[in-house]
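**Student:** Pasting in a structure now, in C-alpha cells, and then I'll have a few things to ask.
The values are calculated or read from the model by the stated rules, or taken from the named source; none is laboratory data. Keep in mind that this is a model prediction, so the values were computed, not measured. Cβ coordinates were reconstructed from backbone atoms using ideal geometry, including for glycine residues, and neighbour counts include every protein chain displayed. Protein only, heavy atoms only, side chains kept; ligands, DNA and RNA dropped before computing areas. Shrake-Rupley method; radii C 1.70, N 1.55, O 1.52, S 1.80 Å.
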Amino acid sequence: GGALYRYADGHYKRKAGQFIRSKVKRLLQEWGKQSLWRERLANEVIHYLEVDAPELWTEPPSDQVCVKNGVLDLRTRRLTKHSPDYLSPIQLPISYDPSATCPAINIFVAEIFSADVIPLAWQIVGTVMAPNRSILQAILLAGEGGCGKSTFLDMLTAFVGKRNVSSKSLHQLEGNRFATAGLVGKLANICA
C-alpha cells in the first residue's frame, strides 16, 4: 500500500515514517544542530529510504509462521532465527515451545464444544494462526448466550494478536463496499 515499514523485534512494523522523523530530530539534537530541523528534510530522508526499501509480501509463505522467538516451519516444526529477509509485517504474539501445555485451555475447550467437535475447534485455532489463505473460510459459532463462544473468540484473538485481527461485522462487510479494505494484512476477521 505504499507505506514504509521498519524491521524491529523480528518483523516489519508500521509507522516507519514517524520513527524516522523522530530519529532525525534526535540526531540533530545530539549534534547540537536542532535549528536545522525541517519537516521537509525529514520527509526527504524518508523518500530516500523508500527508493531501496523491499516490498513486503502480500502473503507470507504458507508453511511458516513468525512468532516472538523465531520463524516456525510448520512442516518440520523447526524454529529458525528472525531475519529481515522474512518480509512480513505479521508476527504472532506468542513464543513457540513444543513442550508447552495449558490444561486450563484444554478444559475450557472441552466444556464449550462437544467431544466430536473438539478437533475442529483446534483446527480453527491452527487455521487462523497460519498465513495460508488459499481457501477462504467463514466460521460461525452458534449456541445459546453464555456458553463460551465470545470467550473462545477472545482466546483466538489473543493467540493471533489484536494487530493481526480485524473485527468487521457481517453487516459492515455486506453493506459497505469499502469495509473489506480493513481485512488487508490481517490473519482473521473475528466478530462476536
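**Student:** Considering segment 72-81 alone, what residues qualify as being touching a residue at least 24 places away in the same chain (Cβ under 8 Å) and either open to solvent by less than 40 Å² (accessible area, probe 1.4 Å) or of a type in the set (S, T, N, Q) (or both)?
**Tutor:** LEU72
**Student:** Test of understanding: among VAL24, VAL65, which residue is under 22 Å from GLY126 (Cβ atoms) and either out of contact with any Leu (no Cβ under 6 Å at 6 or more places or on another chain) or assigned to a strand (DSSP E or B) (or both)?
**Tutor:** None of the others qualify; the one that does is VAL65.
**Student:** A follow-up question, please. Can you tell me which residues in segment 1-23 are of a type outside the set (D, E, K, R) and exposed (fewer than 11 other Cβ atoms within 10 Å of the Cβ)?
**Tutor:** The answer is GLY1, GLY2.
**Student:** Search segment 24-70 for residues being of a type in the set (Val, Ile, Thr) and in contact (Cβ under 8 Å) with a residue 24 or more places away in the chain, and hand back the single one that is most open to solvent (accessible area, probe 1.4 Å).
**Tutor:** If we take residues in segment 24-70 being of a type in the set (Val, Ile, Thr) and in contact (Cβ under 8 Å) with a residue 24 or more places away in the chain, then VAL45 is most open to solvent (accessible area, probe 1.4 Å).
**Student:** A further question on this structure: Answer with yes or no whether ARG77 is of a type outside the set (Gly, Ala, Ser) and on the phi > 0 side of the Ramachandran plot.
**Tutor:** Yes: the conditions hold for ARG77.
**Student:** Suppose the filter is farther than 21 Å from GLN91 by Cβ and hydroxyl-bearing (Ser, Thr, Tyr); does TYR48 pass it?
**Tutor:** yes
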